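First up is the structure itself, then whatever we jot down about it.
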Amino acid sequence: MARTTSHPPDELAEQIVDIDVGEEMRGSFLEYAYSVIYQRALPDARDGLKPVQRRILYQMNEMGLRPDRAHVKCARVVGEVMGKLHPHGDAAIYDALVRMSQSFAMRVPLVDGHGNFGSLGGDDAPAAMRYTEARLPPAAQLMTASIDENVVDFQPNYDGQEQEPTTLPAAFPNLLVNGASGIAVGMATNMAPHNLGEVISAARLLLERPDAGLDELMELVPGPDLPTGGTIIGLDGIRDAYRTGRGTFRTRATVSVEKVSARRTGLVVTELPYNVGPEKVVSRIKELVQAKKIQGIADLKDLTDRNQGLRLVIELKNGFNPEAVLEELYRLTPMEESFGINNVALVDGQPQTLGLRELLTVYVDHRLDVVRRRCEHRRTKRQERLHLVDGLLVALTNIDEIIALIRDSDDTATARSRLMATFDLSEVQARYILDTPLRRLTRFDRLELERERDQLHSEISELTAILESHPKLRALVSDELKDLAREYANPRRTQLVESDGVTRTAAMPLEVGDDPCTVVLATTGMLGRTAGSAPMPQHTGPRGKHDAIASSAEVTVRAEVAVVTDLGRMIRLPVVEIPELPETSQSAPLASGAPLSEFVELDADAGERPVALAALDENSAGVVVGTRQGIVKRVTADYPSHKDDFEIIPLRDGDRLAGATELHSGEEDVVFVTSEAQLLRFGCGNLRPQGRSAGGVTGIKLGDGAEVIWFGAVANQDEDTGDTAGAAAGGTGAALVVTVAGSSTALPGTQPGAAKVTPLSAFPRKGRATGGVRCHRFLKGEDTLLFGWVGPGPARAARSDGSPVRLPDVDERRDGSGEGLPRPIASVGSGTVPQPQRGGNRATD
């Protein structure tokens, strides 16, 4: 007990009251809790609005901020609401207004905002209310429609000088459509948004069949429809919430696996869980990467803008399984979140936890009451108007007597009394007749009044029929909801799934396995890898880009492959960074690869170009290279492991590699093709392996001005067993020789030339350092070979843009003259990847 310890002055003694502190605390707390529950935190189940939201919409409607009017400053709206209706701070009012304008927070926004109203997840704060503007959208007008027709009760505002509605008419089920969240004293609410069309369908079902069960309603409302989309995983929690008012479900971001660059795959996030912003996800992923709690992420970019919407690009390191990384992101980041449903709302002034059916029932009952009161109001107005029209018709019938009576009366009160007594009129009718100008009392106005009287009788009858028939009233409400859904409903954004659809017997490996694969380099400069060591798919139809193969290497996914350039360099390249070619690509498999320039940096000033691929396998037979000046070298496989690029042959001044080939057995045939149309073929077993510093030995004897235009190695095939029957340019068979003759004086790439396709078996083996045999007979105007190529059929030629050029059929004569080509070619290659692999083409682009 709080008591005084001294005697106060006599004039203050009567003002001191002894109170019980405990009782005072209990009373004050209950008063505070009551205020928070009923005046701040919990929405009304009828219109789904908290008091501050209801006051904002009502005051904006009173200010005339309709969709056809201009936006006004939000500060003006906040000032009007705070001054007339809401006895709290401007920050609370503006925060509520901002949320009602956010399309990512509400399924049907109730404020049309103009300016910066914040970002998803609250990552960016909205601009101050002195900068932003607002007005009512069409949907908000549905919340206040017919509010001036006595459809809801009004109550005094905080100072008793204004009136405010206790609820809004709410032409659509706002509480279910937009959801709600709030924390009161001892209780809280958290309701998920839903699809407008689905909720209206369920409400119409209740109007048609009030005894409809929860299962029937859930067929129309299967689950929440979040403004930000995403995926809801697991529907058991939703069923619990619809049945009891409480439940939990998981939401996942919408993610697709895409090619984000020529070299890498990425995870592209286009939708996030409800109330989760991109900055929250980005910061969490960066924390996990820095703490090394997640692997495989190379880069993260937020490309969100107002045109394409949300777009987070998570670039993955090569060699990591995208699905496995995504599962880790779901587990460790806000890309998967839980949403706890707690459907607490005010019903008849009391907080209650409501299921789906109860929420719809409260709304339907409210809407029935609104429409009933609207019909009563409209009937009353029409009855009052009909009463006046009947009086005017009496006046028109007795116009002369009425005029004389008015003229003989001393004052208005006397004239009104005499009219009531003489013509049996009510006081309202008599007053209205006296207030009506004489110019309206004409024959034409009589016809109008009679038509109006008939119209009023018809409308009164219709309204009376609705009010006297409960089924008609329910049908009217249902029809209004149907029209509203037709205009404002939109497709569902959130996907609902019972589970993630994945049955896991073991954890998914995060990194890609070290499986065998074949790396392929096309004559167009495209690089790719195929699963296993299977050859490239054969073409059965027309092609786009030409997939002529310049070189290939058999490796494993987590190994390395080397690119051999014409400057005598070997450049290491991780195989896992090379894009995998789809198995179903039949028209142009390498079109889905990536340019070699994306992986290695070549010396552009020196015109460095790739000539072959090779596996960096120390157990292999090494690599054989040949230069334009006729030098040949068999390089041992002791490649340095600490260097990304290194020299495998020191070149003489002005010399370059014409080709290179990885050896498998060491017994392959080495082949030179020179510009003077000579071909030399000899066994690789005659070459002694040399170290990387050795300069090689003479491979072919060249004439004056001649150079090697192609060098490589092919499988050692006996001449008498070579299969040439199917070795046409478009078929598959033994090794072929393709030569294209032309003039040395013409500009490169301007003359088609004459091409010849010959089986390699037509050319005998000769000794090393000899001149070889003639492989093409020059005609008039021809003095050089433009191209030379040796490899397994089918042989393919392509222009610089990759478009194919048809080669002639096989010519058995090794010194034939060839056939003219329809257009110039830039490269020649094979359409298969046989074993062993063969060398590169000088003309590889």
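Each value in this text was obtained by applying a stated rule to the coordinates, not by laboratory testing. The model shown is predicted, which means the values in this text are computed figures rather than measured ones. Quick reminder, even Gly has a Cβ in these numbers, built from the backbone with ideal geometry, and neighbours come from all protein chains shown.
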Original post:
What number, in percent, do you get for the relative contact order of the range 516-830 if the mean sequence gap of Cα pairs under 8 Å and at least 6 apart is divided by its residue count?
Top reply: 17
**OP:** Only helices at least 20 Å long along their axis, Cα-based, and averaging -0.5 or more on Kyte-Doolittle count here, so list those DSSP H runs from the chain.
**Re:** 21-36, 356-397
Original post:
D for the range 593-685, whole µm²/s, Stokes-Einstein with Kirkwood Rh over alpha-carbon pairs at 20 °C and 1.002 mPa s: what number?
Top reply: 144
**OP:** Please get the size of the charge dipole for the range 369-488, origin at its Cα centre, with Cβ charges of +1 on Lys and Arg and -1 on Asp and Glu, quoted in debye to the nearest 20.
**Re:** 360
Original post:
Considering only Val177, Leu142, Gly793, whose Cα is most displaced toward the positive end of the charge dipole of the chain, charges sitting on Cβ of Lys, Arg (+1) and Asp, Glu (-1)?
Top reply: Gly793
Subject >> the range 369-488: C-alpha pair distances exceeding 26 Å, % >> reply: 40
**OP:** Could you quote the convex hull projected area for the range 82-192, Cα atoms only and averaged over all directions, in nm²?
**Re:** 8.3
**OP:** Assign unit charges at the C-beta atoms only (+1 for Lys and Arg, -1 for Asp and Glu), then state the dipole size of the chain relative to its Cα centre in Debye, rounded to the nearest 20.
**Re:** 2540
**OP:** Could you work out, for the range 254-334, what percent of all Cα-Cα pairs fall into each 10 Å distance bin, beginning at 0 Å and stopping at the bin that holds the largest distance?
**Re:** 18, 57, 24, 1
**OP:** Check cross-link reach from Lys292 to the lysines: straight Cα distance under 26 Å, and skip same-chain residues fewer than eight apart.
**Re:** Lys259, Lys280, Lys301, Lys317
Subject >> Signed unit charges on C-beta, dipole axis of the chain, positive-most listed residue Ser283, Pro764, Thr265 >> reply: Pro764
Original post:
Given that compact globular proteins tend to follow 2.2 N^0.38 Å, what is the ratio of the alpha-carbon Rg of the chain to that value?
Top reply: 1.55
Original post:
Cα to Cα, under 28 Å, and not fewer than 8 places away if on the same chain: which lysines meet these conditions relative to Lys472?
Top reply: Lys381, Lys482
**OP:** Could you tell me which of rounded, prolate or oblate describes the range 516-830, using a ≥ b ≥ c as the square roots of the eigenvalues of the alpha-carbon gyration tensor, with rounded for a/c under 1.5 and, failing that, prolate when a/b is larger than b/c and oblate otherwise?
**Re:** rounded
Subject >> Longest DSSP-loop-exposure-free segment, chymotrypsin sites (Phe, Trp or Tyr not before Pro), the chain, at most 16 other Cβ within 10 Å >> reply: 159-845
Original post:
How would you order 451-461, 120-130 from highest to lowest mean count of nearby Cβ atoms within 10 Å?
Top reply: 120-130, 451-461
Original post:
With θ set to phi - 60° and the Karplus curve 6.51 cos²θ - 1.76 cosθ + 1.60, what are the ³J(HN,Hα) couplings of the range 603-612 in order, to the nearest whole Hz, using x for Gly and Pro?
Top reply: 7, 5, 5, 8, x, 5, 9, x, 10, 6
